[in-house]
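So the structure is just underneath, and the comments pick up after that.
The values are calculated or read from the model by the stated rules, or taken from the named source; none is laboratory data. From a predicted model like this one, the values you see are computed outputs, not experimental measurements. Note: ideal-geometry Cβ built from the backbone for every residue, glycine included; neighbour counts use all protein chains shown. For the accessible areas, the whole protein counts, side chains as well, though only heavy atoms, and no ligand, DNA or RNA atoms are used. Shrake-Rupley method; radii C 1.70, N 1.55, O 1.52, S 1.80 Å.
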Amino acid sequence: SLPLPPPPIADHSSRVLYPRPSLSQERMNANTDAVDAKNQVKLEEKTQFSNEVLELQHTLEDLSTRVDAVKEENRKLKSENQVLGQYIENLMSASSVFQMIDTKSKRK
């Protein structure tokens, strides 16, 4: 946002003259432009950083959900393994082949 030019100065003719900006005004305008450019760069950097943070938050949420799903699957598999282990144990104890092996190993 550049400053507005000063009001026109009328001379004795019908022409309207605008005062020429002083050197200090030109420097101030240049400094203001430089500050505006720096502020724009900072704003863009902040916006980019905010977007990266949001993306990382979404990634973290996705990973957390995936970890929970894997934990649940692991719990189910452990439970199934316990059931299968008990089933195999029952089959072995009911089988005459395994009873003979068990009896022979106890004699030693």
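The table for this structure:
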read-out	value
Matching entry among 97, 70, 53 (being out of contact with any Asp or Glu (no Cβ under 8 Å at 6 or more places or on another chain) and modelled with pLDDT under 95)	97
Close pairs from region 71-100: first open to solvent by 80 Å² or more (accessible area, probe 1.4 Å), partner in a helix (DSSP H, G or I) and not aromatic (Phe, Trp, Tyr), Cβ under 6 Å, at least 6 apart	98/92
